[in-house]
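J.: Just dropping this structure here.
Laboratory data are not the source of any read-out in this text; all were calculated from the coordinates shown. Please read these numbers as outputs of a predicted model, since none were measured by experiment. Cβ atoms come from the backbone with ideal geometry, glycine included; neighbour counts cover every protein chain shown.
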Ligand code: G3H
Ligand code: 13P
Ligand code: ZN
């Protein structure tokens with residue numbers, strides 16, 4: 001049993017309380033490899049932003065769970081080396097799907113875990129989320145649970161609406177599970193294809209696809225039911241057109257990739273939404289930069305030659321999110 005406190009990590013309790021009160025959101029960035037982690041820590045250290053490092057089950061399978069945990073421990077030391085005296089870094093399990101996986105992460109030094117039982121029937125979601133919260137809280141590890149189902153790209157518009165979190169359930173769910181934060185479904189979804197073209201309208205000036213707006217009415221109703229309670233938005237990449245174009249220009253094929261417009265995320269960050277999850281934008285920045293570099297330098301084969309510009313592009317993107325979208329810069333001086 002390793003406590004995250006010995007590793008210099010923090011749980012989400014204080015960072016969320018400050019974010020809700022201050023009208024900003026904490027960035028939750030997924031990482032699977034060293035370059036992503038370096039870029040995240042450099043961006044957080046330079047902007048003095050609290051940050052959540054997210055590890056998914058897929059990341060654990062890809063990189064090895066022990067290695068990722070040690071990388072997060074190293075990230076705290078690296079942040080200090082970069083001159084960030086008091087780094088506020090949380091190590092979080094993203095989309096934990098069983099009690100055993102969540103327990104394993106608590107036991108190995110994670111400071112926060114998500115139990116995603118949102119696909120289970122309501123009572124089973126409550127029972128499993130409570131079991132995880134009861135275990136994690138013994139070690140002062142914070143727990144995110146989810147209510148409502150994020151739409152898949154295949155879903156019809158009408159089906160999506162019925163998956164939104166039901167505001168009338170949130171008080172009962174939060175009280176009975178004892179969760180510390182609640183992930184909700186208000187129109188975001190995972191990946192780089194969040195909406196089908198037929199769900200969008202076209203901007204008459206630019207001809208670009210404009211996605212349907214998030215369900216802010218549902219979000220505000222949830223806020224009214226649970227005043228001050230930390231709310232989490234998954235699937236919040238904005239899928240920047242510049243990275244989609246970069247991928248496509250240099251041999252990629254990402255037709256009609258579309259994300260959540262940043263002005264909507266900016267608005268959400270001012271509400272009780274205090275954690276915004278971003279993974280796909282990092283994948284796009286990295287892949288775009290690598291494709292461009294290799295297309296322009298066909299003789300290069302040292303991975304450092306193409307991973308360096310990829311890392312720089314991700315850092316630029318993370319800093320942009322922190323400063324211009326979430327407003328978390330300067331909140332962990
Ligand atoms: O919500 C999902 C995250 O983007 C992690 O994705 O399961 O492919 O690692 P992954
Ligand atoms: P994106 O696919 O929009 O980046 O969402 C990531 C996420 O929600 C991780 O849990
Ligand atoms: Zn997610």
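J.: Using a simple spin-label model with points 7 Å from Cα along the Cα→Cβ vector, what separation in nm is obtained for residue 201 and residue 263?
T.: Reported label-point gap for residue 201 and residue 263 is 1.3 nm.
J.: Just 175, 12, 188 to compare: in a GNM of the chain, with alpha carbon springs under 10 Å, which one fluctuates most?
T.: Largest GNM mean-square fluctuation: 175.
J.: At what distance in angstrom do the alpha carbon centres of the stretch 256-333 and the stretch 181-242 lie from each other?
T.: Rounded to whole Å, the Cα centres lie 18 Å apart.
J.: Mean-square fluctuation check for the chain, GNM, Cα pairs under 10 Å: which of 191, 178, 58 is largest?
T.: Taking springs between Cα atoms under 10 Å, the residue moving most is 58.
J.: When the chain is treated as a GNM, springs tying every alpha-carbon pair under 10 Å, which of 53, 284, 120 comes out with the largest mean-square fluctuation?
T.: Taking springs between Cα atoms under 10 Å, the residue moving most is 120.
J.: May I pose another question? What is the distance, in nm, between label points placed 7 Å from the Cα along the Cα-to-Cβ direction at residue 294 and at residue 171?
T.: 5.5
J.: Let me ask you something else. Taking 0.36 nm per residue of sequence separation and subtracting the Cα-Cα distance, how much length would be gained by fully extending the chain between residue 220 and residue 62, in nm to one decimal?
T.: Here the segment from residue 220 to residue 62 would lengthen by 53.1 nm.
J.: Can you order the peptides 61-71, 296-306 by their average number of other Cβ atoms within 10 Å per residue, highest first?
T.: Top to bottom by mean Cβ count within 10 Å: 61-71, 296-306.
J.: Let me ask something additional. Of all the Cα-Cα pairs you can form in the stretch 4-326, what percent are over 30 Å apart?
T.: 32
J.: Based on the Cβ-Cβ distance from residue 249 to residue 138, what FRET efficiency comes out when R0 is 45 Å, to the nearest 0.05?
T.: 0.30
J.: Next up: What is the gain in length, in nm to one decimal, between residue 6 and residue 70 on full extension, counting 0.36 nm per residue of separation less the C-alpha to C-alpha distance?
T.: Values: separation 64, 0.36 × 64 = 23.04 nm, distance 1.24 nm.
Extending this stretch completely gives an extra 21.8 nm.
J.: Given only helices, namely DSSP H runs of n ≥ 4 each adding -39500 (n - 2.57), what is the per-residue ellipticity at 222 nm of the chain, to the nearest 500 deg cm²/dmol?
T.: Details: 13 runs with 150 residues, N = 333.
Using -39500 (n - 2.57) per qualifying helix, the result is -14000 deg cm²/dmol.
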